[in-house]
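Heads up, the thing below is written out as structure tokens.
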Amino acid sequence: MYSLLPYNTFGIDVSAARFLEYTSVEELKKLIVQGAVTTPFLHIGGGSNLLFTKDYDGLILHSRIEGIEVTEEDDRSVSVRVGAGVVWDDFVAYCVEHGWYGAENLSLIPGEVGASAVQNIGAYGVEVKDLITAVETVNIQAEERVYLVEECGYTYRNSIFKRPENKATFVTYVRFRLSKEEHYTLDYGTIRQELEKYPSLTLSVVRKVIIDIRESKLPDPKVMGNAGSFFMNPIVPKEKLEALQQEYPHIPYYELADGRVKIPAGWMIDQCGWKGKALGPAAVHDKQALVLVNRGGAKGSDIIALSDAVRASVREKFGIDIHPEVNFIN
């Protein structure tokens with residue numbers, strides 16, 4: 001058995017029957033052709049979006065494909081090809097250091113580049129799909145395929161790579177286009193307020209502000225196991241918001257282009273009185289109600305029990321279903 005403790009940020013003490021890593025597309029294809037990739041298998045990134053409910057009786061695959069390569073560049077933008085095993089925040093730091101705009105609001109999101117394209121990670125008004133141009137993959141038949149961004153089926157925290165039929169499609173590289181022209185996304189959360197502390201607006205200042213905001217709200221997984229935001233923010237029709245505003249006139253929301261609205265799940269969980277509350281060794285974080293934490297020794301079932309209780313409270317109080325962003329691995 002192979003311990004998965006270093007490979008899940010929730011700090012759940014589980015093991016896998018087998019564990020394989022690869023450092024190149026050629027090595028992955030060789031493993032497949034040689035029959036080393038046996039079912040059941042699960043491909044993971046940094047383990048920041050997983051909740052293991054028990055030992056995994058199969059093969060865990062993990063990419064160590066590194067590298068950030070500029071493939072095209074002009075005065076206005078730059079295109080880069082990034083290995084799936086690159087730590088996501090290292091890539092954001094690289095963009096900021098090189099004066100490339102677009103990724104800075106996604107600073108400090110845990111995980112790896114490959115998983116960012118599967119999950120369509122997002123924060124502070126930016127989603128990674130806005131930066132991706134293509135996703136390179138290898139499937140279980142050892143066939144390579146490049147998906148252009150419009151083929152990836154991106155929606156809120158979703159993509160075709162999350163569908164069951166694509167579980168045997170492995171992301172190897174992600175291609176991004178970033179801007180060289182100064183532009184920022186600042187009208188989300190307390191970004192503008194925090195920026196007032198600085199004399200000038202630069203890429204590195206925005207990155208620092210985003211990191212400071214995240215660190216003030218989110219616990220360090222090395223200290224307290226967690227997977228960042230546990231729940232997705234629900235998207236509801238405008239009529240639902242208007243009905244809720246009768247009872248909660250100060251309910252926060254964000255308008256979407258399709259006329260619907262996004263309501264912060266953390267606010268609703270907080271209104272239900274869950275912030276800082278625990279059920280056994282699992283708890284709702286005391287600074288950000290969107291985050292569930294392992295206070296020490298929690299099993300996957302403890303986290304799920306807390307999640308179910310929180311969801312039931314929100315459903316009862318607001319008539320809205322909130323859904324986990326984290327993938328449960330049974």
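The values are calculated or read from the model by the stated rules, or taken from the named source; none is laboratory data. None of the values given here were measured: they were computed from a predicted structure. Backbone-built Cβ (ideal geometry, glycine too); neighbour counts: all protein chains shown. Heavy atoms of the whole protein, side chains included, go into the accessibility calculation; ligands, DNA and RNA do not. Shrake-Rupley method; radii C 1.70, N 1.55, O 1.52, S 1.80 Å.
Go through segment 197-222 and give me each residue that's under 22 Å from ILE269 (Cβ atoms) and exposed (fewer than 13 other Cβ atoms within 10 Å of the Cβ). Residues satisfying the conditions are GLU215, SER216, ASP220. Give me the residue from segment 148-162 that is assigned to a helix (DSSP H, G or I) and under 18 Å from ARG177 (Cβ atoms) and, out of that set, least open to solvent (accessible area, probe 1.4 Å). Restricting to residues being assigned to a helix (DSSP H, G or I) and under 18 Å from ARG177 (Cβ atoms), the top hit is VAL149. Could you please find all residues in segment 65-90 being closer than 19 Å to ALA134 by Cα, within 14 Å of the chain's Cα centre (by Cα) and surrounded by fewer than 24 Cβ atoms within 10 Å (Cβ to Cβ)? VAL87, the sole residue that qualifies. For ARG207, are the conditions met, namely being among the basic types (Lys, Arg), under 23 Å from ARG81 (Cα atoms), modelled with pLDDT of 95 or more and assigned to a helix (DSSP H, G or I)? Considered against the rule, which asks whether it is among the basic types (Lys, Arg), under 23 Å from ARG81 (Cα atoms), modelled with pLDDT of 95 or more and assigned to a helix (DSSP H, G or I), ARG207 comes out as yes.
Being over 24 Å from GLU127 (Cβ atoms) and under 18 Å from the mean Cα position of the chain (by Cα) is the requirement here; does ILE329 meet it? Spelling it out, ILE329 is indeed over 24 Å from GLU127 (Cβ atoms) and under 18 Å from the mean Cα position of the chain (by Cα).
Condition check: under 20 Å from PRO164 (Cβ atoms) and open to solvent by less than 40 Å² (accessible area, probe 1.4 Å). Does ILE60 satisfy that?
yes
Taken together, the criteria place ARG260 among residues that are open to solvent by 50 Å² or more (accessible area, probe 1.4 Å), touching a strand residue (DSSP E or B) at 6+ places or on another chain (Cβ under 6 Å) and more than 21 Å from SER48 (Cα to Cα). Number of residues in segment 283-313 that are of a type in the set (Val, Ile, Thr) and within 23 Å of LYS162 (Cβ to Cβ): the value is 4. Comparison of ARG145, ARG177, ARG192 shows that the only residue that is surrounded by 15 or more Cβ atoms within 10 Å (Cβ to Cβ) and either among the polar types (S, T, N, Q) or not in a loop (DSSP other than H, G, I, E, B) (or both) is ARG177.
Residue selection: LYS30 satisfies the criterion of being within 22 Å of VAL146 (Cα to Cα), of a type in the set (D, E, K, R) and loosely packed, with under 14 Cβ neighbours inside 10 Å.
Is it the case that segment 91-100 has a residue that's within 18 Å of GLY47 (Cα to Cα), open to solvent by 30 Å² or more (accessible area, probe 1.4 Å) and either assigned to a loop (DSSP other than H, G, I, E, B) or modelled with pLDDT of 95 or more (or both)? Before the answer, list the steps.
Going residue by residue through segment 91-100, those that are within 18 Å of GLY47 (Cα to Cα) are 91.
Now drop any that are not open to solvent by 30 Å² or more (accessible area, probe 1.4 Å), which leaves none.
Looking through segment 91-100, none of the residues is within 18 Å of GLY47 (Cα to Cα), open to solvent by 30 Å² or more (accessible area, probe 1.4 Å) and either assigned to a loop (DSSP other than H, G, I, E, B) or modelled with pLDDT of 95 or more (or both).
Once segment 296-311 is narrowed to residues that are open to solvent by 40 Å² or more (accessible area, probe 1.4 Å) and at pLDDT 95 or above, the residue that is nearest to ALA243 (Cα to Cα) is ARG311.
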